[in-house]
Amino acid sequence: MTPAELKSYLDRGYDVLSSGFIKWGLRIGLSAVAVGHIVAFDALAEAVLPPEDINPAQWAQKYRYIAPGSGSPRPGKWDNATTPYLVEPMESLGSDDPCAGVVCKMSAQVGKTEIGINWLGYVADIDHKPMLITQPGIVQLVKFNREKLQPSIDATPRMRESIAPEGDRLGENSTTRFKHFAGGGCHLGSANASADLQSSSRARYWGDEVGEYPAEAGSRGDPVRQAIKRMEAWGALSKYLLTSTCQLKHSCKISEEYERSDQRRFYVPCPHCDDFQILDWENLAWGLSGSGAKVAVYSCGSCGCDIYERDKFDMVAQGVWLPCFPSKDASNPAPPSIVARAALPHWRARDCEGRRVKGYHLWKIYSNLGDWPSILVESEDAEGNPESLKVFWQQTLAEPWDDSGEAPDHEDLAKRVESFPDAQILPGMYFATGAMDVQIDRIEWGTYAWGPNLQGQLVEKGILEGATDQPEVWEKARELWATKAYRYSSGVTIPVDLWGVDSGYRSPYVYQATKGFPNVLNLDGRGSDKPHAPPLGTARTLKHKVGNIVMGQIQKFDVGTYNLKSRLYGMIRQWTEGPNEVGQWPRGIIHFGQNADIEFFAQLTAEVLIPHQRRGGRISYHWEKIKRRANEHHDIAIYNLALACGRLRWDSRTPADWEALIAERGGEPEKEQKSLEDLWGPAPLASVQDKLEAAGVTESKVLPRTASRAAALARLARLNNDGDD
C-alpha cells in the first residue's frame with residue numbers, strides 16, 4: 001500500500017468512526033468522548049503515516065516564519081526567493097543528500113544563521129534525529145536562544161507543534177539548553193565546554209560562528225572535531241553544518257573547514273552578455289548614471305558592461321553553485337571565474353574526487369538584504385584604518401584578515417623622508433600629542449601632530465639625559481609638559497594637547513612626576529596586548545607607594561598595543577606609496593621629515609608579529625622585538641597613536657568636529673588650508689568627471705573607488721587611451 005492509499009484509507013475510516021463516536025458521546029452526555037476521538041485518531045495517523053518527503057529548503061518555504069522581534073528586516077512568512085543562494089546549502093542538509101557536511105563561509109547579515117534554524121525545524125518536524133548546536137560560549141548561547149532560536153520556534157506553527165514549549169527543567173518541557181522533540185531532541189552547548197561536546201552521540205550537529213571557537217576545549221583538542229567525532233555511531237546517516245564569518249588568516253577555523261570541502265562559489269549571469277561569473281570586489285566601484293548621478297556599478301568581467309543594482313535580484317535568482325576546489329588531476333580542473341551558460345551542466349557535474357563536504361563561500365555583494373552603495377561607503381570609511389579594514393574584510397568580503405605584521409624595511413624608509421625640518425608642524429595638523437619612554441639613564445620622547453583624513457606627522461624627538469631615579473631629569477620632563485608647543489609660519493600656535501609616559505619602569509618616580517599634570521597620562525604598554533583591546537583602556541586606580549608609604553592614588557591606562565602596532569605599520573606602508581599623479585597623499589599615513597634618520601626607522605620597525613603553534617594545532621600571534629635592536633621610538637609612536645585615537649578621537653572626528661577645532665585654534669592662512677584640501681583630500685567626483693569628459697568619454701563610466709589608488713589611475717589612463725570601457 002502506497003502512502004497515498006494509506007492516507008485515503010485512514011481518511012475513510014476517520015469519517016466512519018467520527019460519526020459513530022460523536023453520536024454515542026452526545027447520547028450519553030460525554031462531550032469529551034465526542035471530541036476525544038479526534039485526538040486519538042490524529043495520533044494514530046501520525047504514527048503510521050510516513051514523514052513528508054521534503055528537504056529543509058522545501059520545509060522552510062512551506063512552513064517557516066520569521067519572528068517580528070528577531071531583528072530581521074523582513075519578518076513574516078519565509079520566502080526562498082529572498083535568499084536563493086541559501087537554497088542549495090539547505091537542500092544539502094536533507095536526509096536524502098549523500099554529503100557528510102555543509103560549510104558556510106559567508107559575510108555577516110546574508111542569512112547563514114537561518115540555514116541552521118531552518119534545519120532544526122526540519123529535523124524536529126520531519127527528520128527526527130538527535131541534534132547538537134554549539135555557540136562560542138555560554139553568553140552567546142543564551143543570547144542566541146533568546147533572540148534567534150526561541151522567537152523562531154514561537155513564530156512558526158510547525159515548530160511549535162514539533163518542539164515542546166519552554167518551561168521547568170523537569171519533565172518533557174524544553175529549556176534554553178535542550179529542545180524536546182520526537183526522536184531525541186536538540187542539545188544546545190558551549191564550544192568551550194568539553195562536557196557539552198562529549199555528552200552523547202548525535203546524528204546532527206550545527207556549529208555556529210566557529211571562527212570564534214577556542215583552539216581546544218577541555219584539553220581534548222579542537223571543539224568542532226570533538227563534536228563531529230561524537231557522530232561516528234551514526235555512520236553515513238550523520239550530517240553536520242558549520243557557519244561563520246572569517247577571522248585571522250592562518251588561524252581562521254571556517255577557512256580551514258572550507259578548504260577541506262569542495263569549495264563552491266556562486267556564479268550569476270550578466271544581464272548583457274549572459275555569461276556566468278563570480279562577483280569580484282575589484283569590479284565594484286562608484287559610477288555615473290546617464291543623468292550624472294553617482295551610483296554603484298559593477299563592471300562585467302566578461303563583456304565589460306556596466307551592471308546596476310536593479311539587475312541584482314534577477315541575477316541572484318538565476319545563480320548557481322559550482323565546486324571550485326583545486327585538483328591535482330589535470331583532467332579535472334576548477335571552473336574559470338567566467339563560465340558560459342551552455343557550459344554550466346558540465347561544471348555542475350564536476351567530479352568532486354571523494355570530497356563529501358560541500359563548502360559555500362559568499363560575500364555581501366550577492367545579498368538581497370543589503371545594497372552595493374553601503375559596501376563602497378564602508379570601504380571608504382575603513383581606508384587607512386587597519387581595525388576597520390579588518391572588519392570590512394572579514395564581515396563584508398567574507399575573507400580572513402592577514403595580520404602578519406611584517407616590519408617595513410628601515411633602510412628603505414630612511415630614503416623616502418620628506419623635506420620638512422625638525423619641529424616644524426605641517427599645514428593641516430590641528431592637534432599634537434607627546435609620549436615618553438623611560439630608561440635607566442635617560443628619557444626618550446617624541447611628539448606627533450594629527451589632522452583630518454587620517455594624516456599624522458612626526459614633529460620632534462629628543463632625549464632627556466639623566467638617571468631616572470633622580471629628580472633632575474624629571475624636572476626637565478615637567479618643563480617639557482608645561483611649555484612644549486608648535487607654531488605655524490602664520491603665528492597660530494598648536495599646543496601638545498596630551499602627553500603619555502610609560503610607567504612600567506621606575507613607576508614610583510613616574511607617578512610622582514606626573515602629579516599635578518592632568519594632561520599627562522600614566523601608560524602601561526604591557527596591559528592590553530589582546531587583539532580586541534581598545535587603543536586606550538579605562539583608567540585603573542592604583543595606590544602610589546614610595547617604599548611602604550602610600551603617597552596617594554594614581555590612574556593608569558592600558559595601551560591596546562596589539563592592534564596599534566599593526567595599524568602603525570599599515571600607516572607607514574601607506575606613506576611609502578607617496579602622493580599620486582595629482583599630488584594627493586593616501587588616507588591613513590604618518591609623514592616623516594628630515595629628523596627621521598636610519599636609526600630612528602630601525603627603532604620604529606623593531607617589532608614583528610610571530611606565529612606560535614598552540615596545542616591542538618591552532619596558530620596564535622604575538623609581537624616580539626627583533627634581537628639586538630632598540631625599540632624606544634616604536635613604543636613612543638604606539639603611545640602617541642593610542643593618545644590620538646583613544647582620547648582625542650583623531651580617527652572618529654566628523655567634518656563638523658574638525659571645523660570646530662580649526663575655529664578654536666584660530667584657523668590657518670587661506671593658502672595653507674587650500675594646500676591641505678588639494679594634497680590630502682580625496683579627489684572630488686566632479687574633478688574626475690572633468691578628466692573623463694576631457695578624454696572624450698561622455699557615456700556612463702565606472703569611477704574607481706579611493707581604496708585602490710593605483711588601480712584608479714590605471715583605469716583612468718585606460719579610459720583616456722581608448723575612450724571606452
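Tally Lys and Arg at +1 and Asp and Glu at -1 over the other residues with C-beta under 14 Å from the C-beta of Pro75: what net charge comes out?
Charge balance in the 14 Å sphere: 0.
What does the charge add up to near Ile117, with Lys and Arg as +1, Asp and Glu as -1, over the other residues with Cβ less than 11 Å from its Cβ?
Net charge around Ile117: +1.
With Rg and the Kirkwood Rh both taken from Cα atoms, where does Rg over Rh land for the range 309-435?
1.16
Give me the percent of Cα-Cα pairs in the range 56-260 that sit more than 30 Å apart, rounded to a whole number.
14 percent
DSSP loop chymotrypsin sites (Phe, Trp or Tyr not before Pro) in the range 300-351 with at most 14 other Cβ atoms within 10 Å of their Cβ, which ones?
none
Given R₀ = 25 Å, what would the calculated FRET efficiency be for Asn173 paired with Glu259, taking r from the Cβ atoms and rounding to 0.05?
0.05
Residues with beta-carbon under 10 Å from that of Asn145, excluding Asn145: net charge, scoring Lys, Arg +1 and Asp, Glu -1?
Details: positive: Lys143, Arg146, Lys148, Arg177, Lys179; negative: Glu147, Glu166.
Combined, the nearby Lys, Arg, Asp and Glu give +3.
Can you give the three extents of the C-alpha atoms in the range 170-224 along their principal axes, from longest to shortest, in whole Å?
Principal axes ranked by extent give 35, 20, 19 Å for the Cα atoms.
Over 20 Å between Cα atoms, which of Lys62/Lys312; Lys249/Lys565; Lys390/Lys556; Lys239/Lys358; Lys62/Lys105 qualify?
Flagged as over cut-off: Lys62/Lys312; Lys390/Lys556; Lys62/Lys105.
Tell me, what ³J(HN,Hα) does each residue in the range 569-580 have, in order and in whole Hz, if you take phi through Karplus 6.51 cos²θ - 1.76 cosθ + 1.60 with θ = phi - 60° and put x for Gly and Pro?
Along the range 569-580, the couplings run 5, x, 5, 5, 5, 4, 4, 5, 5, x, x, 7 Hz.
Normalised by the empirical 2.2 N^0.38 Å for globular proteins, what value does the Cα Rg of the range 213-300 take?
Compactness ratio reported: 1.72.
Set the bar at 24 Å for Cα to Cα. Now go through Lys484/Lys627; Lys148/Lys179; Lys148/Lys229 and name every pair that lies beyond it.
The answer is Lys484/Lys627; Lys148/Lys229.
Quick one: which residues, 5 or more positions from Leu241 or on another chain, have an amide H under 5 Å from its amide H? H modelled 1.01 Å from N in the peptide plane, none for Pro or chain starts.
Val102, Tyr205, Trp206, Gly207
Within the range 406-482, which GluC sites (Glu not before Pro) sit in a loop by DSSP and count at most 11 neighbouring Cβ atoms inside 10 Å?
Listed in order of number, the matching sites are Glu406.
Computed from the coordinates by the stated procedures, all read-outs in this text should not be read as laboratory data. Computed from a prediction, not measured in an experiment: that's the story for all the values here. All Cβ positions, glycine included, derive from the backbone under ideal geometry; neighbour counts span all protein chains shown.
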